[in-house]
Amino acid sequence: MNMKRRTLLATVSAAALALVIGMPILGGSHAMADTLADIKERGKIRIAVDLGSPPFGMTDAQMQPTGSDIESARLVAEALGVEVELVQVTGPNRVPALLTGQADIVMASFSVNEERKKVIDFTDAYGVIQIVVAAGSGAGASVTKPEDLNGVQVGTTRGSTNDLEATAKLPGAQLTRYDDDATLVTALVSGQVDVMASSPQIMAAVNQRRTADPLSVKLVLKTNPYAIGLRKGDDALKARLNEVIAENLKNGKLSEIYNRYTGVPLPATLPKT
């Protein structure tokens, strides 16, 4: 085997190993990069969004991306003076999209938690998501405490903070995990599952289509801030994004977008990330 072929195979193997163990392919050298400068030079920011997570990300009747995160992403691009390229991801692919360089940032109802902070960085919060247990008139109708869900089927979104919280706080429940929020909504509307561990916004999306037996909140598991995800070492980009968030919270633009799509007001003070 010649030297060039051995080098190529070693590079491919290292990349494959990085993917398997969840380490960033961009490696430590990325810490020396300036993603903000790269974005300005190319005149475009690549933002990962989840179009299967209404009302944060979805498609409209014309199959165009819409939702509170989509509008917020466009607001960020406008503030940076560049075009936006939306990179579609699912919940479990948000972190890999950053680490493999497919996206510059992630805006996909990206709740901040300690596990994620070990591998990526976050800006200040620009919204909040409550994690609630909601149920219709079936198995979860009389739930008042986590133990009431022992043996009960509960739907949630795979790999999400909802999944993590439900796993930790509902140990006796039978969790049914769906690949994205849109699939979870469909399962709840069709009656495949009658109890969910997700956000009030997802509950509202379900109730728009499940009018005969709407869901109602039974338990609040947690209130999470969500923020823009970015790679560790992107300090200049993080500082600029925090400025954009602060400016647009102060002028009310982010609050208006949040309220328009979620139907609930944005808290006056957001939790720290």
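The values are calculated or read from the model by the stated rules, or taken from the named source; none is laboratory data. All of these numbers come straight from a predicted model, not from anything done at the bench. All Cβ positions, glycine included, derive from the backbone under ideal geometry; neighbour counts span all protein chains shown.
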Checklist entry - If you take just the helices (runs of 4 or more DSSP H) that sit entirely in the stretch 169-273, which of them hold at least 1 residues that are closer than 18 Å to GLY52 by Cα, modelled with pLDDT under 90 and out of contact with any Pro (no Cβ under 8 Å at 6 or more places or on another chain)? => result 200-209
Checklist entry - Taking the stretch 181-204, which residues are surrounded by fewer than 21 Cβ atoms within 10 Å (Cβ to Cβ) and more than 17 Å from the chain's Cα centre (by Cα)? => result THR186, ALA187, VAL189, SER190, GLY191, GLN192, ALA204
Item to check | Residues (part of a loop (DSSP other than H, G, I, E, B), of a type in the set (A, V, I, L, M) and surrounded by fewer than 24 Cβ atoms within 10 Å (Cβ to Cβ)) located in the stretch 90-141 | outcome: VAL112, VAL119, ILE120, ALA139, ALA141
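Within the stretch 154-168, count every residue that is of a type in the set (Val, Ile, Thr), in a helix (DSSP H, G or I) and at pLDDT 95 or above.
First, the residues of the stretch 154-168 that are of a type in the set (Val, Ile, Thr): 154, 156-157, 161, 167.
Imposing the further condition that a residue be in a helix (DSSP H, G or I) reduces the set to 161, 167.
Those still in the list that are at pLDDT 95 or above too: 167.
Qualifying residue count, the stretch 154-168: 1.
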Item to check | Members of the stretch 49-82 found to be part of a loop (DSSP other than H, G, I, E, B) and on the phi < 0 side of the Ramachandran plot, listed by number | outcome: ASP50, LEU51, GLY52, PRO54, PRO55, PHE56, ASP60, ALA61, GLN62, GLN64, VAL82
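Does the stretch 136-150 contain any residue that is within 17 Å of the chain's Cα centre (by Cα) and not acidic (Asp, Glu)? Walk me through how you get there before you give the answer.
The first filter runs over the stretch 136-150 and keeps only residues within 17 Å of the chain's Cα centre (by Cα), leaving none.
Checking the stretch 136-150: not a single residue is within 17 Å of the chain's Cα centre (by Cα) and not acidic (Asp, Glu).
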Checklist entry - Considering only the stretch 147-181, how many residues are within 23 Å of PRO225 (Cα to Cα), in contact with a strand residue (DSSP E or B) (Cβ under 7 Å, 6 or more places away or on another chain) and not β-branched (Val, Ile, Thr)? => result 12
Checklist entry - Of the residues in the stretch 96-146, how many are out of contact with any strand residue (DSSP E or B) (no Cβ under 9 Å at 6 or more places or on another chain) and under 27 Å from SER216 (Cβ atoms)? => result 1
Checklist entry - Across the stretch 142-153, which residue is surrounded by the fewest Cβ atoms within 10 Å (Cβ to Cβ) among those that are of a type in the set (D, E, K, R) and assigned to a helix (DSSP H, G or I)? => result GLU147
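Would you point out which residue out of ALA187, ALA205 is touching a Phe, Trp or Tyr at 6+ places or on another chain (Cβ under 8 Å) and of a type outside the set (Asp, Glu)? Break it down into steps so the answer makes sense when it comes.
Values: ALA205 fails: touching a Phe, Trp or Tyr at 6+ places or on another chain (Cβ under 8 Å).
Being touching a Phe, Trp or Tyr at 6+ places or on another chain (Cβ under 8 Å) and of a type outside the set (Asp, Glu) holds for just one of ALA187, ALA205, which is ALA187.
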Item to check | So PRO96, is it touching a residue at least 24 places away in the same chain (Cβ under 8 Å) and on the phi < 0 side of the Ramachandran plot | outcome: yes
